[in-house]
Amino acid sequence: MAKTKTPVKKTQTGKQKLASAAPSAPNIDIGIKEGDRKKIADGLASFQADAFTLYLKTHNFHWNVTGSMFNSLHTMFETQYTEQWAALDDVAERIRALGFNAPGSYREFAALTSIAEEPGLTDSADWREMVRQLVAANEAVCRTARKVLDVADDADDAPTEDLMTQRLQTHEKYAWMLRSLLQ
C-alpha cells in the first residue's frame, strides 16, 4: 500500500507545518440565541410527533373506512394525509435550520406525541368513530402549534411563527370540516 504525503506549508520563518484541516462549519448566528433555538426546536419536535401521529392515523383510516360514507371519507382522508405528509418535511427542515436534529423514528414520535395511540383495528371502526378521533387529533395538533407559536414569538422567530400559523389554519379547518360530519 502506497503512502501518501501530507501537504506541508512553510511559515514566514521558513519552518514547515502541516496544512490545517478544512475549516469546520461556522456557528449558527441567525439572530436567535442558542437557548431560544433549542426551546423552539424542542417544541417543533413535539409538533412534528403530533403531526406524524395524525398523519398515520388519517392514512390508516383512509385504508380502513367502510360504510355509507366510504367514498366521501376515503377521498377526504387522502386529501388530508397527502397535505400533512408534505408539511412534515417543512417542520423537520425548520428544526434543522435552527441547528438541531428532527425526530424521525416511531420511538421518538411515540415519546413526544400528545395524541393517544389507538389499538390496531381487527375490525373496521365505525366511520363516525374515525371522524371523532381525527377531530380530537387535529385539535391536539392545534394546541401544540399554539405552544410553539408562543415560544417562537418570545424569541422573535418569524419563520417558525409563520409555519405554525399556516399549520394552525390547516388543522383548525380540518377539525371543523370533520366535526361538521358529526353534527
Over segment 85-98, the set of residues touching a residue at least 60 places away in the same chain (Cβ under 8 Å) and buried (at least 17 other Cβ atoms within 10 Å of the Cβ) is Ala87, Val91, Arg94, Leu98
When the residues of segment 102-136 are filtered to those that are among the polar types (S, T, N, Q) and open to solvent by 40 Å² or more (accessible area, probe 1.4 Å), which remaining residue is modelled with the highest pLDDT?
Ser114
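Residue by residue through segment 142-172, note down the ones that are of a type in the set (Gly, Ala, Ser), in contact (Cβ under 8 Å) with a residue 60 or more places away in the chain and surrounded by fewer than 22 Cβ atoms within 10 Å (Cβ to Cβ).
Ala155
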Which residue is nearest to the chain's Cα centre (by Cα), if the candidates are limited to segment 33-74 and must be under 17 Å from Arg96 (Cα atoms) and of a type in the set (Asp, Glu)?
Asp42
Return the only residue of Phe61, Phe47 being touching a Phe, Trp or Tyr at 6+ places or on another chain (Cβ under 7 Å) and open to solvent by less than 30 Å² (accessible area, probe 1.4 Å).
Phe61
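Determine whether Glu139 is open to solvent by 60 Å² or more (accessible area, probe 1.4 Å), among the acidic types (Asp, Glu), modelled with pLDDT under 95 and outside any loop (DSSP other than H, G, I, E, B).
no
The values are calculated or read from the model by the stated rules, or taken from the named source; none is laboratory data. The shown structure was predicted, so the numbers you read here are calculated from the model rather than taken from an experiment. Every residue, glycine among them, receives a Cβ derived from its backbone with ideal geometry; neighbour counts consider all protein chains shown. Accessible surface is based on the protein model in full, side chains and every heavy atom, while ligands, DNA and RNA are left aside. Shrake-Rupley method; radii C 1.70, N 1.55, O 1.52, S 1.80 Å.
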